[in-house]
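Inspection log for the structure reproduced underneath, given as structure tokens.
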Amino acid sequence: MERIGLSCAAAALLALAACDGSTGETDLPPALTDGTIKANDHDREAVVKTYKAFGFATNGVGVVYLSPNPNATCAAVTEYLKEGGDYDPVDVLNSGHCSVVFRFNYTDSFDGVTYTEADIGNFVNVNCAMGDGTWELVGSGRDRGYRFVAGDESPWWQGNAGEFTVTTTIGASDNTPDIDLDLGPSFGGQFIYEDTLVDPATGSASGSVTVETCQTLTQTPPWN
């Protein structure tokens with residue numbers, strides 16, 4: 001098993017606490033969102049704190065990605081979403097935190113539109129590193145990839161918001177949606193590396209998010 005550390009050159013610029021894919025809470029800028037998601041059947045939870053947000057909308061489709069890592073860039077987020085486990089995510093994700101993907105459809109304009117879980121084709125995906133761990137390169141051949149590891153466990157939870165309200169407004173450009181979101185209280189998902197059972201979660205998250213333009217999100221799976 002090969003342990004992969006955080007890029008310390010980038011981390012030093014933001015006075016991050018360690019090179020393990022986690023950041024010191026006292027060194028982080030103000031969060032754009034706040035909340036907590038807790039697995040119902042496990043003593044595990046993660047915070048929903050966003051420090052960078054990227055998005056784009058065109059031709060009736062929009063995607064916004066909320067990163068819990070202040071080192072995140074449009075290019076890094078795009079490559080992570082495209083490559084999945086083949087991409088080292090230490091500058092996109094954060095130990096003990098959740099990332100969020102909001103995908104929506106619109107007609108004519110998304111300015112001032114409110115979306116909920118009742119709207120077909122719109123969704124909020126949530127991925128949570130529920131523990132104090134690191135991203136490690138594991139496996140071999142086609143199974144080789146980066147996985148969140150905390151001790152002897154791999155508490156990487158993937159799911160979706162069972163209830164959500166997200167309002168979009170025009171942000172930095174006509175193609176950039178700023179969002180106000182309210183997620184929860186129920187979330188469906190599972191610890192994908194540990195079992196095949198459904199592991200629902202409970203919690204909430206909210207915030208007003210200023211989004212950076214990231215046109216390359218149109219090349220990622222959430223767009224399609």
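FYI, it's all coordinate maths here, none of it is from the lab. Fair warning: this is a prediction, and the values are worked out from it, not measured in the lab. Every residue, glycine among them, receives a Cβ derived from its backbone with ideal geometry; neighbour counts consider all protein chains shown.
Quick check for you: which residues of the range 192-223 have the amide N under 12 Å from the point 7 Å beyond the Cα of His42 toward its beta carbon? Of the residues in the range 192-223, 192-201 have backbone N under 12 Å from the label point off His42.
Rounded to the nearest 500 deg cm²/dmol, what is the calculated helix-only ellipticity per residue at 222 nm for the chain, with -39500 (n - 2.57) per DSSP H run of length n ≥ 4?
After summing the helix terms and dividing by residue count, I get -2000 deg cm²/dmol.
Between Cys74, Cys128, Cys98, the GNM of the chain built on Cα springs shorter than 10 angstrom shows Cys74 fluctuating the most. First select every other residue whose beta carbon is under 15 angstrom from the beta carbon of Asp119; then total the charges, Lys and Arg +1, Asp and Glu -1. Neighbourhood net charge equals -2.
To the nearest ten degrees, helix 74-83 and the longest principal axis of the Cα atoms of the chain are 70 degrees apart. In summary, the lysines within cross-link reach of Lys82, defined as a Cα separation below 19 angstrom excluding same-chain residues under 8 places away, comprise Lys52. Look at Trp135, Trp156 and count the other Cβ atoms within 10 Å of each Cβ; fewest to most, that gives Trp156, Trp135. Here's how it looks for Thr73: its modeled amide H is under 5 Å from none belonging to a residue 5 or more places away or on a different chain. Using a cut-off of 12 Å between alpha-carbon atoms, which aspartates and glutamates can reach Lys49, once sequence neighbours fewer than 8 places away in the same chain are excluded? Straight-distance partners of Lys49: Glu25, Asp34.
Only one of (i) 56; (ii) 53; (iii) 49 was calculated from the structure for percent of Cα pairs over 22 Å apart, and its label is (iii).
For Ser186, the shell of other residues with beta-carbons less than 12 Å away shows a net charge of -1, using +1 for Lys and Arg and -1 for Asp and Glu. With θ taken as phi - 60° and the Karplus curve 6.51 cos²θ - 1.76 cosθ + 1.60 applied, the whole-hertz 3J(HN,Hα) list for the range 44-50 is 9, 7, 8, 8, 10, 10, 9 Hz, x standing for glycine and proline. Considering only Thr107, Ala31, Asn122, and ranking their Cα positions along the charge dipole of the range 21-161 that arises from unit charges at the beta-carbon of Lys, Arg, Asp and Glu, the one farthest toward the positive end is Thr107.
Entry note, the chain: relative contact order of 23 percent, from Cα contacts under 8 Å with a spacing of 6+ residues. The stretch between Thr213 and Glu153 holds 18.0 nm of extra length on full extension. This uses 0.36 nm per residue minus the Cα-Cα distance. Exposure proxy shown here: for Ser95, Ser173, the number of other Cβ atoms within 10 Å sets the order, fewest to most, as Ser173, Ser95.
Only the Cβ atoms of Lys and Arg (+1) and of Asp and Glu (-1) were treated as charged; on that basis the dipole of the chain about its Cα centre amounts to roughly 340 debye. Listed by Cβ neighbour count within 10 Å, with the fewest neighbours leading, Val198, Val77, Val47 appear as Val198, Val47, Val77.
3J(HN,Hα) along the range 190-206: 6, 7, 5, 9, 10, 6, 9, 7, 6, 10, x, 9, 10, x, 7, 7, 7 Hz, from the Karplus curve 6.51 cos²θ - 1.76 cosθ + 1.60 with θ = phi - 60°, whole Hz, x for Gly and Pro.
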